[in-house]
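Below you'll find the structure, written out as structure tokens, and then a few comments.
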Amino acid sequence: MPAYNAVAFFFDLVIGAGIALLIYALLRHSLQELLTNLLRMPEATSFYLRSFVLILLSVALAKVVTGIHMKPEAHFMEYVWAVASDIGGVFDNLSVFLLAYLALVTVLVAVLRPRDGK
């Protein structure tokens, strides 16, 4: 049964990283355009995009890195629920991070946006 702990941990890692990378893939293009138009510095755009994906992965994997520790007599369905619980925590962590990142980008846009007539 200890092998089930390792398999559940593997699924946690793969699903957590997959969710983070899916969010990055969905947001990368529009975030890149926004930062390119706003900052007009390719190095800054590259830095913010790399930081964004690293933080997404860190936040997502922070919940699952502790692993799953079930008793040897645990049934298969208990492992499934443990993985689902961890993935729920991944969504919680990612939603808080995305909300904070959205607030940061909103402030950045409000401060640095081009003014009309200038």
Query raised in the report: Quick one: which of LEU99, LEU61 is at pLDDT 95 or above and within 27 Å of ARG28 (Cβ to Cβ)?
Result: LEU99
Query raised in the report: Within the group LEU57, LEU112, which residue is more than 30 Å from ASN5 (Cβ to Cβ) and touching a residue at least 40 places away in the same chain (Cβ under 8 Å)?
Result: LEU112
Query raised in the report: Looking at the range 76-97, which of the residues that are surrounded by 16 or more Cβ atoms within 10 Å (Cβ to Cβ), in contact (Cβ under 8 Å) with a residue 60 or more places away in the chain and out of contact with any Lys or Arg (no Cβ under 7 Å at 6 or more places or on another chain) is nearest to THR36 (Cα to Cα)?
Result: LEU94
Report summary line: GLU73 passes all but one of the listed conditions (1) part of a loop (DSSP other than H, G, I, E, B); (2) in contact with a Lys or Arg (Cβ under 6 Å, 6 or more places away or on another chain); (3) not hydrophobic (A, V, I, L, M, F, W, C); the exception is number (2)
Query raised in the report: Of everything in the range 76-118 that's charged (D, E, K, R) and assigned to a loop (DSSP other than H, G, I, E, B), which residue is farthest from ILE15 (Cα to Cα)?
Result: LYS118
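The values are calculated or read from the model by the stated rules, or taken from the named source; none is laboratory data. The structure displayed is predicted, hence computed values, not measured ones. Counting neighbours? That spans all protein chains shown, and the Cβs are built from the backbone with ideal geometry, glycine included.
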